Amino acid sequence: MLTREAVLRQIDADRVIPIQELVGVLYDHRLRMPLRFCHRGREYDVVELLGAFRESTSPPSMLYLVRVREGSVFALYLDLTEPVALGGQTFWRGQWVLHFQVEEEEPMLVDIRLKQIADFHGHLCPDLALGYRVSQYALERLTIALMSGTLLRVVAENTTSAIDAIQYITGCTLGNRRLLVRDWGKHVYTFLSGEAEGLRLSLRPGVLPENPEMAELERKIQAGQATLLETARYQTLLDQRITFILDTPAETLFAARYLPVGWPSDSVATGLACCEICGEPVLETHLLLQNSRRCCLACLSDTLPARALI
Ligand SMILES: [Zn+2]
Ligand SMILES: [Zn+2]
């Protein structure tokens with residue numbers, strides 16, 4: 001079954017079967033989506049709305065991208081053609097058009113390992129691809145050090161999708177405390193295979209330049225103003241960026257250097273005590289003294305003036 005991203009790719013590549021016929025549609029006004037449509041005597045139940053797009057404002061028209069029970073994806077078009085004045089208000093008389101069906105055969109885009117990571121993460125995106133490349137590069141460079149049996153650890157300096165790829169590829173996770181995340185918004189990753197030195201890999205400046213078309217489409221999508229074709233075009237630009245990240249030599253993407261890195265003590269605290277403000281159990285190591293009461297960080301942050309988010 002095609003993912004939403006794959007559907008958009010197919011549409012941008014024009015891999016669709018045109019239909020362009022009037023259909024009867026059962027529309028749910030509360031859910032604001034079609035529930036069922038009838039085409040050539042056959043009923044199709046909609047099981048998923050992949051997107052609703054405002055294709056034009058005058059005359060108003062909406063395009064719904066829907067998946068039906070059988071798995072196929074269709075584009076349904078609601079054309080509001082005729083304004084009708086009624087009791088001082090304008091209503092629109094409309095008709096539903098079954099626009100096209102999306103072709104189901106998708107060309108294989110990525111290698112199987114990356115496919116597994118994308119399944120784990122939920123989609124394939126440029127940050128995930130970066131996380132994949134940086135982990136692979138680190139593992140290649142640290143092969144010898146890791147053969148001695150030392151466990152790998154990673155310090156990542158962002159909280160993007162890259163983190164999922166790193167956890168998947170290296171086995172260093174937040175849960176096993178071999179991944180430390182500092183949200184500094186930088187594609188910088190330090191891999192430690194011993195105690196003293198870390199391999200610091202940082203995205204080189206200028207290798208992923210801002211694409212004005214992509215930025216403009218992203219703005220439209222976030223504002224809910226993108227048409228289906230614009231959304232599909234955005235997916236293609238994303239794919240081009242992903243392909244670039246996958247095809248560019250790692251040395252071109254990342255600057256590498258070794259540097260001394262410290263790692264916080266590994267002692268795992270398990271003792272729980274109750275916060276004297278909210279009463280909830282907290283790791284004892286995480287209780288702080290505030291006005292001679294032991295309280296948790298969540299309660300403490302409530303008592304502090306709100307910090308501005310940058
Ligand atoms: Zn992602
Ligand atoms: Zn508390």
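The values are calculated or read from the model by the stated rules, or taken from the named source; none is laboratory data. The structure displayed is predicted, hence computed values, not measured ones. Ideal geometry is used to build each Cβ from the backbone, glycine not excepted, and the neighbour counts take in all protein chains shown. Quick note on the areas: whole protein, heavy atoms, side chains included, nothing else; ligands and nucleic acids left out. Shrake-Rupley method; radii C 1.70, N 1.55, O 1.52, S 1.80 Å.
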### Message
Charges on Cβ only, +1 for Lys and Arg, -1 for Asp and Glu, centred on the Cα centroid of the chain; of 221, 146, 56, which one is farthest towards the dipole's positive end?
### Response
146
## Note on the structure
Rounded to the nearest whole number, the Stokes-Einstein translational diffusion coefficient of segment 4-102 at 37 °C and 0.692 mPa s (Kirkwood radius, C-alpha pairs) in µm²/s is 232
### Query
Going by the alpha-carbon gyration tensor, a ≥ b ≥ c the square roots of its eigenvalues, is segment 30-71 rounded (a/c under 1.5) or, if a/c is not under 1.5, prolate (a/b greater than b/c) versus oblate?
prolate
### Task
State, as an integer percentage, the relative contact order of segment 107-215 based on alpha-carbon contacts under 8 Å between residues 6 or more apart.
26
### Query
What relative contact order, as a whole-number percentage, does the chain give when Cα pairs under 8 Å and 6 or more residues apart are counted?
14
#### Entry: Dipole magnitude of segment 130-275, debye to nearest 20 (Cβ charges: Lys/Arg +1, Asp/Glu -1, about Cα centre)
240
### Dipole magnitude (debye, nearest 20) for segment 4-102, charges at Cβ of Lys, Arg, Asp, Glu
180
### Radius of gyration, Dmax [the chain; alpha carbons; angstrom]
25.9, 82
### Summary
Zone reached by a paramagnetic label modelled 7 Å from residue 30 Cα along Cα→Cβ, restricted to segment 62-89 with backbone N below 20 Å, covers none
### Unit charges on C-beta of K, R, D, E only; dipole of the chain, Debye
600
### Summary
Per the helix-only model, the chain has a calculated mean residue ellipticity at 222 nm (DSSP H runs of ≥4, -39500 (n - 2.57) each, divided over all residues, rounded to the nearest 500) of -8500 deg cm²/dmol
### Message
Just want the answer: with Cβ charges of +1 for Lys and Arg and -1 for Asp and Glu, which residue in 33, 240, 176 is farthest toward the dipole's positive end in the chain?
### Response
176
### Solvent exposure of the chain as accessible area per residue, Å², 1.4 Å probe
58
#### Entry: Additional length obtainable on full extension of the chain from residue 230 to residue 95, 0.36 nm per residue less Cα span
46.3 nm
### Message
How large a share of the accessible area of the chain, in percent, is made up of carbon and sulfur atoms when the probe is 1.4 Å and the other protein chains stay in place?
### Response
53
## Note on the structure
Ranked output for segments 134-145, 272-283, 85-96 by mean other Cβ atoms within 10 Å, highest leading, reads 134-145, 272-283, 85-96
